[in-house]
Amino acid sequence: MSNLKTITKFSVSLIFLILCIAPALSQDASQQDQGNGNDSLMIFGDGQNGSALTDYDYEALIKELYGSDAKPDTATKEASAPTKKQRSRGPVKGPAPGLFKNSRLNGSYFSLNMSSPFAVSGPLESWFSYIDAGAAIKFPYEIYVESIPLFFLLEVSSFSFENTFPQGGTFAGIAYIIQASAIGDQSSAAVGFGVWDSNMGSMLELGYRFRPTQNTFIRVGTRGVLITDIDLIGSAWWAELRLSMGFEL
């Protein structure tokens, strides 16, 4: 009987001990699981749990790590780019500084010319030609066509053709020509209309110029002349070589 009592007391004590220890063990287990869950939500190197990341700016982080893929606003740059500088038209100047810088003639020049035909059309093949002389003055103003300045000249020169076969005759006199010329540093081109004696005509000239001094020039070139109605022969043209010497006023 004593052994039975002893076993009974031991069993009761064991059950009591188990009932006391079980709640504590279950509380420790729940706390440990909660701790493990919190650890799984930690950001590496951040020190904050995941519950605070709901408002985190992931787009800013990606841009910081990898850079922005946004293309530059080219339209804004093009709009803000300065426009091409407009050409300013200053006071009229000649191709070189003139001799009379404070004069109304500044920007003009005066030249003496010599010419002689080297090619003629069929009606003039039996006509002889000679060396002709003339003078030209360039006016001291200009106009612009697009961005090209045009100068104006008045030329007075002689011309002479003489026919001995099949019938005698002459085509000679004084020509008065108004020209519009584009003049560069060394080259020039001119187109003009005028009167050769009593006949209307037109001309086209190309020239090359160089300067012995700052205010003087020598120009060589060629000119084509077309006359639409010449007595005895009708329409005709010729090409001539030209030599000019002049100085800036």
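Hey, can you tell me all the residues within region 208-249 that are touching an Asp or Glu at 6+ places or on another chain (Cβ under 7 Å) and modelled with pLDDT under 95?
Asn215, Ser235 - these are the residues of region 208-249 that are touching an Asp or Glu at 6+ places or on another chain (Cβ under 7 Å) and modelled with pLDDT under 95.
Which residue is farthest from Leu153 (Cα to Cα), if the candidates are limited to region 179-196 and must be crowded, with 16+ Cβ neighbours inside 10 Å and out of contact with any Leu (no Cβ under 8 Å at 6 or more places or on another chain)?
Taking the candidates together, the pick is Trp196.
Considering only residues that are without any contact (Cβ under 8 Å) to a residue 24 or more places away in the chain and over 30 Å from the mean Cα position of the chain (by Cα), which ones fall in region 205-219?
Pro212, Thr213
Suppose we keep only residues that are more than 44 Å from the chain's Cα centre (by Cα), in a loop (DSSP other than H, G, I, E, B) and modelled with pLDDT under 90 within region 117-147. Which one would you say is farthest from Gly184 (Cα to Cα)? Don't jump to the end; show me each part of the working.
Pass one, region 117-147, residues more than 44 Å from the chain's Cα centre (by Cα): 122-132.
If we keep only those that are in a loop (DSSP other than H, G, I, E, B) too, we end up with 125-126, 130-131.
Next, from what is left, pick out any that are modelled with pLDDT under 90: 125-126, 130.
Details: Glu125: 35, Ser126: 38, Tyr130: 30 Å.
Applying the filter and picking the extreme gives Ser126.
Restricting attention to region 207-225, which residues are surrounded by 14 or more Cβ atoms within 10 Å (Cβ to Cβ) and either assigned to a strand (DSSP E or B) or touching a helix residue (DSSP H, G or I) at 6+ places or on another chain (Cβ under 6 Å) (or both)? It would help to see each step written out before you state the result.
Within region 207-225, the subset surrounded by 14 or more Cβ atoms within 10 Å (Cβ to Cβ) is 207, 209, 211, 215-219, 221-225.
Matches in region 207-225: Gly207, Arg209, Thr216, Phe217, Ile218, Arg219, Gly221, Thr222, Arg223, Gly224, Val225.
The values are calculated or read from the model by the stated rules, or taken from the named source; none is laboratory data. Quick caveat: nothing in here was measured; it's all calculated off a predicted structure. Here the Cβ is made from the backbone with ideal geometry for all residues, glycine too, and neighbour counts use every protein chain on show.
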